[in-house]
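Visitor: First, the structure itself, so that you have it in front of you.
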Amino acid sequence: MKISLFGYGKTTKTFAQRFGNCDIYDDHFTSISKDEFGNTLLPPCNFNPSKSDLEIPSPGFPNDHSLIQQAKNLSSEYDFFYDAMPKSVWISGTNGKTTTTQMTHQLLKHINAQMGANIGTPLAQMDTNAKLWILESSSFSLFYTKVAKPEIYALLPITPDHLSWHKSFKDYEQAKLSVLDRMNENDVAILPKKYENYPSHAYIISYENEQDLAQKMQIDLEKIHFKTPFLLDALIALSIEKIILDRCSYELLNSFKMDKNKLEEIFDHKNRLWVNDTKATNLDACLAALKRYKDKKIHLILGGDDKGVDLSALFVFMKSLDIELYAIGKSTQKILDYAKHVNLKAHSCEILAQAVKKIHLSLAHDEVALLSPACASLDQFISYEERGEVFKQCIQDLS
C-alpha cells in the first residue's frame, strides 16, 4: 500500500517513522529527497492521486489545499488506527480540553489509560494494549475523521475559533459535533445544553453550567478545589471517571498540578503581579481571564494572529472594566481599531517586549499585567509556549 502524508508536522513525522516507505508532501519541499527513515519528501506538484492508495493529512493541514482537492482516498489518523484502538474517551471543545484531558488521565491512569492525540503522544506512538485511550481531539482532526468514534465523548462549550481554517463558525461547530453522528446506543456524550437535541444514538448528558452538571452527576462541588475557569474541566473529568468506574476521586483530582501558560501568576522584583495566560489563543479564553481579575485595573496584552475571528464582543465586554490595552502582533492595527470604536485606551506595541516595557512604567501594586492575547502566536513565535517564555524572560529582565 502506498501511503501519502500531507504536511510534515509532528503527527505525520511520527507516522512515517513507524511505517516507513511513505511519500510526504509539504509546501516547504522544493525538490525530491529522502528522510532518515526511507520516506520520500516531495513538493506538492509531484502528487499523483492514481498512484496513492491512502492519503493522511497532518491535523492542521489546510482543507482547501490542492492536495486535499486531488486526494481520492483521504483518511484521518483516527480512522487509520481505529481498528487497533482500544476503548476511548475523546475530549473536545474550544477552551479547556487540554486541562480536562490531563485531569481525566490523572483520574484513570491507574487502570492503564493512556493520553494522547492533540496533547502528548501522537496516535502512531500510542500503546494499543492500553485499556483506554484518552484523546484530546482538535477540530482539525475531527474534520478529517469519517469512521472512528469514541465510547465517551466529552464536549466543552464551543465558541468562535479557527475560522480562517474552517471558513465559518457553523463549519467549525459541525466538525466538533460530527462525532455524534457515528456514536451508538452504548456510547455516552457529555454536551453543552444547546446540543442536547442533536440527533445521535448516544446517551446524552447535557449541562447548562457547572452547577447543572454537578447535580446531574451527583458530584459535590464543595469537595473540588478548582475554581472557574477550571471548575468545568474538573467536573467533566470526574464525570468521565464516574461513568467508567462509578466513583469520584476528589483527592486525586485536587492533587492535579495546572500546566504553565494558563493564568500563571508571576511577581516581579517590585512584587507586582504579572499573569502569563499565553495559551488563551481565542476570545473565550481571554474573557475567562478578564473575569478572574475584573476587580483590579488590568493592563492587557492582546494580539497576534486572530485566525479570522471577530473580536468585537470582547471589546464590548471590556467597556465595563478598568483596563488599558497593549496591542502586539499582526493584528495590532485591528486591536487599535476595535479599541477606538468602544473608546478604550490602547497602545501600539507591535512586539511583546515593548508591551512589557510600557506596562512596567505604570503598573501599580494593586493592578495586574495580563498576557491573554485572544490570538494565536505563530505570526511572531514558534508556539504559544515560546510566547509565554519570552514574556517571563522580559519580566525577569526588568530593572
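The values are calculated or read from the model by the stated rules, or taken from the named source; none is laboratory data. Bear in mind the structure is a predicted one, so any value in this text is a computation, not a measurement. All Cβ positions, even for glycine, are placed from backbone atoms using ideal geometry, and neighbour counts span all protein chains on display. Protein only, heavy atoms only, side chains kept; ligands, DNA and RNA dropped before computing areas. Shrake-Rupley method; radii C 1.70, N 1.55, O 1.52, S 1.80 Å.
Visitor: What pairs come up if the first residue lies in region 308-319 and is more than 24 Å from Lys167 (Cα to Cα), the second is assigned to a helix (DSSP H, G or I), and their beta carbons are under 9 Å apart, counting only those six or more places apart or on different chains?
Guide: So the pair list comes out as Phe317/Leu287; Phe317/Leu290; Phe317/Lys291; Met318/Leu290; Met318/Ala339.
Visitor: Looking at (1) in contact with a helix residue (DSSP H, G or I) (Cβ under 7 Å, 6 or more places away or on another chain); (2) open to solvent by less than 80 Å² (accessible area, probe 1.4 Å), which is the one condition that is false for Glu208?
Guide: Unmet for Glu208, out of (1) in contact with a helix residue (DSSP H, G or I) (Cβ under 7 Å, 6 or more places away or on another chain); (2) open to solvent by less than 80 Å² (accessible area, probe 1.4 Å): (2).
Visitor: If you scan region 97-119, which residues turn out to be open to solvent by 10 Å² or more (accessible area, probe 1.4 Å) and polar (S, T, N, Q)?
Guide: Thr98, Gln102, Gln106, Asn112, Gln114, Asn118
Yes/no matrix, rows are residues, columns are (1) open to solvent by 20 Å² or more (accessible area, probe 1.4 Å); (2) among the acidic types (Asp, Glu); (3) under 28 Å from the mean Cα position of the chain (by Cα); (4) modelled with pLDDT of 90 or more:
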position: Leu5; (1), (2), (3), (4): no, no, yes, yes
position: Asp23; (1), (2), (3), (4): yes, yes, no, yes
position: Ile32; (1), (2), (3), (4): yes, no, no, yes
position: Pro49; (1), (2), (3), (4): yes, no, no, yes
position: Ile56; (1), (2), (3), (4): no, no, yes, yes
position: Pro59; (1), (2), (3), (4): yes, no, yes, no
position: Pro62; (1), (2), (3), (4): yes, no, yes, no
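Visitor: Can you pull out the residues in region 269-280 that are under 18 Å from the mean Cα position of the chain (by Cα) and not in a loop (DSSP other than H, G, I, E, B)?
Guide: Passing the criteria: only Asn276.
Visitor: Please specify each residue of region 333-366 satisfying the condition of being of a type in the set (S, T, N, Q) and over 24 Å from Val390 (Cβ atoms).
Guide: Asn343
Visitor: Looking only at region 186-200, which residues are of a type outside the set (Ser, Thr, Tyr), open to solvent by 10 Å² or more (accessible area, probe 1.4 Å) and part of a loop (DSSP other than H, G, I, E, B)?
Guide: Of everything in region 186-200, those that are of a type outside the set (Ser, Thr, Tyr), open to solvent by 10 Å² or more (accessible area, probe 1.4 Å) and part of a loop (DSSP other than H, G, I, E, B) turn out to be Asn186, Glu196, Asn197, Pro199.
Visitor: Taking only pairs six or more apart or across chains, which ones have beta-carbon atoms under 7 Å, a first residue in region 51-69 that is within 22 Å of Ala124 (Cα to Cα), and a second residue that is among the charged types (D, E, K, R) and open to solvent by less than 30 Å² (accessible area, probe 1.4 Å)?
Guide: Final answer for the pair search is Ile56/Glu77.
Visitor: So for region 75-96 (the condition being more than 17 Å from the chain's Cα centre (by Cα), part of a helix (DSSP H, G or I), among the acidic types (Asp, Glu) and buried (at least 21 other Cβ atoms within 10 Å of the Cβ)), does at least one residue qualify?
Guide: yes
Visitor: Still on this structure: Looking at region 320-378, which of its residues are surrounded by fewer than 20 Cβ atoms within 10 Å (Cβ to Cβ) and either at positive phi or of a type in the set (Phe, Trp, Tyr) (or both)?
Guide: Across region 320-378, the qualifying residues are Asn343, Glu350.
Visitor: Right, here's the next one. Quick check on my filter: what residues within region 7-38 are part of a loop (DSSP other than H, G, I, E, B) and hydroxyl-bearing (Ser, Thr, Tyr)?
Guide: Tyr8, Thr30, Ser31
Visitor: A further question follows. Restricting the search to region 201-247, which residues are more than 18 Å from Lys291 (Cβ to Cβ), part of a helix (DSSP H, G or I) and either touching a residue at least 60 places away in the same chain (Cβ under 8 Å) or hydroxyl-bearing (Ser, Thr, Tyr) (or both)?
Guide: Listed by number, the residues that qualify are Ile236, Ala237, Leu238, Ser239, Ile240, Glu241, Ile243, Ile244, Leu245.
Visitor: In addition: For region 243-292, name all the residues that are aliphatic (A, V, I, L, M), at negative phi and open to solvent by 10 Å² or more (accessible area, probe 1.4 Å).
Guide: The answer is Ile243, Ile244, Leu245, Leu252, Met258, Ile266, Leu273, Leu283, Ala285, Leu287, Ala288.
Visitor: Still on this structure, I have one more. Being assigned to a helix (DSSP H, G or I) and aliphatic (A, V, I, L, M) narrows it down to one residue among Leu41, Leu108; which is it?
Guide: Leu108
Visitor: Only one of Ile240, Ile224, Ile301 is open to solvent by less than 30 Å² (accessible area, probe 1.4 Å) and under 15 Å from Leu156 (Cβ atoms); which?
Guide: Ile240
Visitor: Let me ask another. Return the pair list, or none, for Cβ contacts closer than 7 Å from residues in region 120-148 that are open to solvent by 40 Å² or more (accessible area, probe 1.4 Å) to residues that are of a type in the set (Asp, Glu), at least 6 apart or on different chains.
Guide: Lys146/Asp79; Val147/Asp79
Visitor: While we're here: What's the number of the only condition in (1) outside any loop (DSSP other than H, G, I, E, B); (2) touching a strand residue (DSSP E or B) at 6+ places or on another chain (Cβ under 6 Å) that Gln69 fails to meet?
Guide: All conditions pass for Gln69, except number (2).
Visitor: Another question about this same structure. Does Ala234 satisfy the condition of being in contact with a Lys or Arg (Cβ under 9 Å, 6 or more places away or on another chain) and either surrounded by 20 or more Cβ atoms within 10 Å (Cβ to Cβ) or on the phi > 0 side of the Ramachandran plot (or both)?
Guide: It is false that Ala234 is in contact with a Lys or Arg (Cβ under 9 Å, 6 or more places away or on another chain) and either surrounded by 20 or more Cβ atoms within 10 Å (Cβ to Cβ) or on the phi > 0 side of the Ramachandran plot (or both).
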